[in-house]
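**Q** Dumping the structure here so I can ask a few things about it.
The values are calculated or read from the model by the stated rules, or taken from the named source; none is laboratory data. Since the model is a prediction, treat every value here as computed from it, not as a measurement. With ideal geometry, Cβ positions are generated from the backbone for all residues, glycine too; neighbour counts draw on all protein chains shown.
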Amino acid sequence: MGGKTLNNNLNGAKNIGPGIRRRLNEIGIYSLADLATITPAKAYSKICEQNPGKTFPVCYYLYSLEGALLDLHWDDLPDFFN
C-alpha cells in the first residue's frame, strides 16, 4: 500500500459499488482497513462461502478489491496483478 494511509470508508472507495459493499458488510468488512487485514483473496473466498450456489467473477472481485486498497481503478493495477 506504499505507505499511503487508507481512507477507512468503503463508501466512495474506488471499485466498491453498492453490491460489493453489501457483500463485504455481510462478511464483517466495513472499512478498507478491515479489507487490508483479511486480504482481497480471503474476502473473496468468504463472499463465496457466504453465498453458496452463486457465482462471483473472481478476477472482477479480486481486481476491484485490490484496486480499492491501492486507490486505483481496477484497470490501472500494476502488471504484476495480471
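**Q** Could you tell me which of the residues Tyr60, Tyr44 is in a helix (DSSP H, G or I) and either surrounded by fewer than 16 Cβ atoms within 10 Å (Cβ to Cβ) or at pLDDT below 95 (or both)?
**A** Residue meeting the stated conditions: Tyr60.
**Q** Name the residues in region 11-51 that are closer than 12 Å to Leu62 by Cα and in contact (Cβ under 8 Å) with a residue 40 or more places away in the chain, would you?
**A** Scanning region 11-51 gives Asn15, Ile16, Ile20.
**Q** I would also like to ask the following. When you scan region 12-32, do you find a residue that is on the phi > 0 side of the Ramachandran plot, in contact with a Phe, Trp or Tyr (Cβ under 9 Å, 6 or more places away or on another chain) and of a type outside the set (Val, Ile, Thr), even just one?
**A** yes
**Q** Assuming Arg21 fulfils every condition listed in (1) modelled with pLDDT of 95 or more; (2) exposed (fewer than 13 other Cβ atoms within 10 Å of the Cβ); (3) not aromatic (Phe, Trp, Tyr) apart from one, which condition is it?
**A** It is condition (2) that Arg21 fails.
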